[in-house]
1. Of all residues in the stretch 43-65 being among the β-branched types (V, I, T) and more than 15 Å from the ligand (Cβ to nearest atom), which is modelled with the highest pLDDT?
2. Considering the stretch 26-42 alone, what residues qualify as being among the β-branched types (V, I, T) and within 12 Å of the ligand (Cβ to nearest atom)?
Amino acid sequence: MYVCICNAVSESDVHSCVAAGACSTRQVKAACGWKPGCGSCTRRFTEVFSQAMTPSSDAASQVSAA
Ligand code: FES
């Protein structure tokens, strides 16, 4: 699903950027080549970025099991 229509950035794009080391919304935007647009995606982008930065329960259980 698209997070930003103006820049054709999807949720998986955001997750990929975070997995590649982006640790701020600014870094994700830079990695995606984000250009200023309508701004209607700001809240959704922040939500998706927060989800991407939060370890999943599966990952957390794998870390604790190691
Ligand atoms: S939808 Fe992201 S700037 Fe327009």
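The values are calculated or read from the model by the stated rules, or taken from the named source; none is laboratory data. Note that the structure is a prediction, hence the values are computed from the model and not measured. In this analysis, Cβ positions are derived from the backbone assuming ideal geometry, glycine residues included, and neighbour counts consider all displayed protein chains.
1. Step by step, filter the stretch 43-65, then rank; the result is T54.
2. Matches in the stretch 26-42: T42 only.
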